[in-house]
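Structure record follows, encoded as structure tokens.
The values are calculated or read from the model by the stated rules, or taken from the named source; none is laboratory data. Quick caveat, the model's predicted, so the values are computed rather than measured. Virtual Cβ from ideal backbone geometry, glycine too; neighbours counted across all protein chains shown.
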Amino acid sequence: MIKHFLLSLYFTCLSAAAFPQTAKSTKFPDGTKIPDWFSDSSKIKLANLGKQFVITAHGASADSNVVQTVAIQQIIDLAHQQGGGVIIIPKGTFMSGALFFKPNTHLYVSEGAVLKGSDRISDYPLMPSRMEGQNLDYFPALVNAYGVNGFTISGKGTIDGNGLHYWKAFWQRRKENPNCTNLEVSRPRLVFIWKSNDVQVQDVRLQNSGFWTSHYYQCNNIKILYVRITAPHEPVKAPSTDAIDLDVCSNVLIKGCYLAVNDDAIALKGGKGPYADKEPGNGANTNVIIEDCEFGFCHAALTCGSEAIHNKNIIMRNSHITNAMRVLWLKMRPDTPQLYEFISVENIDGYAYSLIYVKPWKQFFDLKGRKDVPLSSCDHISLKNIKLKCEVFFDVSPGEYDKLSKFKFENLDIVAKNASCDKSVVKDFEMINVRVNQKLIGSVR
């Protein structure tokens, strides 16, 4: 973890050297002040989490081949009954199905410890849940917290989804039916936190999830600090293993993380469908800062969508891209009303296949009988202080029902095989000091 922190610091300094005039903004893209809360990345201390419940001291077995769901859940329940405390996973490997944390309980995974998910879906009972912008009955995650304000996950150990069985089942189903949906193959997530405020996840390794890795729904004040999230893209691809899914959340700090998965690294969700903006349970993601991170292989470092209706005041800054397919992906669903606004990507370096990608996303398109097509728009999109090698500079081709406006590119140094840029697709498009393959592109409005 120290090595990763130093790498993040190095890449941040590298970007700052390329654009020394850059200072960390004190305002969100819409001009509102960033609260001091976002400047506090102090760690949660184990000693401050209350009474400690080491699972092996309370009936859990150290046998890594035995599913420990019942024993570990009883310990969580005991801690809750006694007024709260922290559930400690000691060094060793402990296998479990779905666990449900209660108010005033926390999870600590010790260095050298592995909390490993069962690869039997029967260990994850169907229940009311949220997936892909829908409220529905679905399988819970390995670690769940519903209505647990102040919940924390900490420690330098590993939470492992043991996902290979689920991945193989998914690809077999996709082979049988290329049009199968992501929900047709029963798969659990790794972490699901719902209606919980003041959440902090720090230092742990989250890996090999069967489905989305970490999903936060209807939460406020979330800090994800120095977490390493991985899932393979070879030799077996781990399908739909988004690292971090924010779903109707506000005030989120993602800092110092390493993210490399076979899907989107950070995806902003919130609902889908022709009337998604009217349906209870859906909503916006607002006030999100992503900084000092490194992105390994992923479909995109930052994605709006595909199940999203409104994202506002999103900042990704001071980060390094190692091998993303896209830096910024704005997924425009032609069956869903969407507004992506006041999004800033700044002080970034590295390599990605494309810098910005904006096109209609028609997977599982369904207007559900609606006669008119919902309108969508992206505005106040800013790319600033970016030094990037890529294959495609500007991969933007909106649909007929998408409106793009007020894009601003400033201080870009891009090396690209495809350097073309169709400025006509964006209304009010400003470029300042943009170089592509060392050619200066003048200011355009």
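Looking at 73, 68, 82, 52, just one residue is exposed (fewer than 14 other Cβ atoms within 10 Å of the Cβ) and at pLDDT 95 or above, and that residue is 82. For the stretch 252-289, a residue qualifies if it is basic (Lys, Arg) and either assigned to a strand (DSSP E or B) or under 23 Å from residue 325 (Cβ atoms) (or both), and the qualifying residues are 255, 269, 272.
In this structure, does residue 169 turn out to be surrounded by fewer than 23 Cβ atoms within 10 Å (Cβ to Cβ), among the hydrophobic types (A, V, I, L, M, F, W, C) and either in a helix (DSSP H, G or I) or in contact with a Gly (Cβ under 9 Å, 6 or more places away or on another chain) (or both)? Yes; evaluated as a whole, the condition is true for this residue.
So that you can scan it fast, the table gives a plain yes or no per residue for (1) free of Cβ contacts under 8 Å to residues at least 24 places away in the same chain; (2) surrounded by fewer than 23 Cβ atoms within 10 Å (Cβ to Cβ); (3) touching a helix residue (DSSP H, G or I) at 6+ places or on another chain (Cβ under 7 Å):
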position	(1), (2), (3)
117	no, no, no
123	no, yes, yes
128	yes, yes, no
137	yes, yes, no
142	no, no, no
147	no, yes, no
153	no, no, no
156	no, yes, no
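The residues in the stretch 121-158 that are farther than 25 Å from residue 303 by Cα, of a type outside the set (S, T, N, Q), assigned to a strand (DSSP E or B) and out of contact with any Phe, Trp or Tyr (no Cβ under 7 Å at 6 or more places or on another chain) can be counted, and the count is 3.
Taken over the stretch 408-427, residues that are assigned to a strand (DSSP E or B), out of contact with any Cys (no Cβ under 8 Å at 6 or more places or on another chain) and within 18 Å of residue 345 (Cβ to Cβ) amount to 6.
Residue 432: surrounded by fewer than 16 Cβ atoms within 10 Å (Cβ to Cβ) and either closer than 17 Å to residue 348 by Cα or not acidic (Asp, Glu) (or both), yes or no? Yes, satisfied.
Taken over the stretch 224-251, the criterion of being crowded, with 24+ Cβ neighbours inside 10 Å and either assigned to a strand (DSSP E or B) or within 9 Å of the chain's Cα centre (by Cα) (or both) is satisfied by 224, 229, 242, 243, 244, 245, 246, 247. Cβ-Cβ distances below 6 Å connect the following pairs, each with a first residue in the stretch 232-252 that is under 29 Å from residue 172 (Cα atoms) and of a type in the set (S, T, N, Q), a second residue that is part of a loop (DSSP other than H, G, I, E, B) and modelled with pLDDT under 95, and a separation of six or more residues or different chains: 240/182. For the stretch 173-207, a residue qualifies if it is touching a residue at least 60 places away in the same chain (Cβ under 8 Å) and not basic (Lys, Arg), and the qualifying residues are 181, 186, 188, 190, 192, 194, 200, 202, 203, 204. When residue 379 is tested against the conditions (1) part of a loop (DSSP other than H, G, I, E, B); (2) surrounded by fewer than 19 Cβ atoms within 10 Å (Cβ to Cβ), the lone failure is (1). Does the stretch 288-301 include one or more residues that are modelled with pLDDT of 95 or more, under 13 Å from the mean Cα position of the chain (by Cα) and surrounded by fewer than 21 Cβ atoms within 10 Å (Cβ to Cβ)? Yes, the stretch 288-301 contains a residue that is modelled with pLDDT of 95 or more, under 13 Å from the mean Cα position of the chain (by Cα) and surrounded by fewer than 21 Cβ atoms within 10 Å (Cβ to Cβ).
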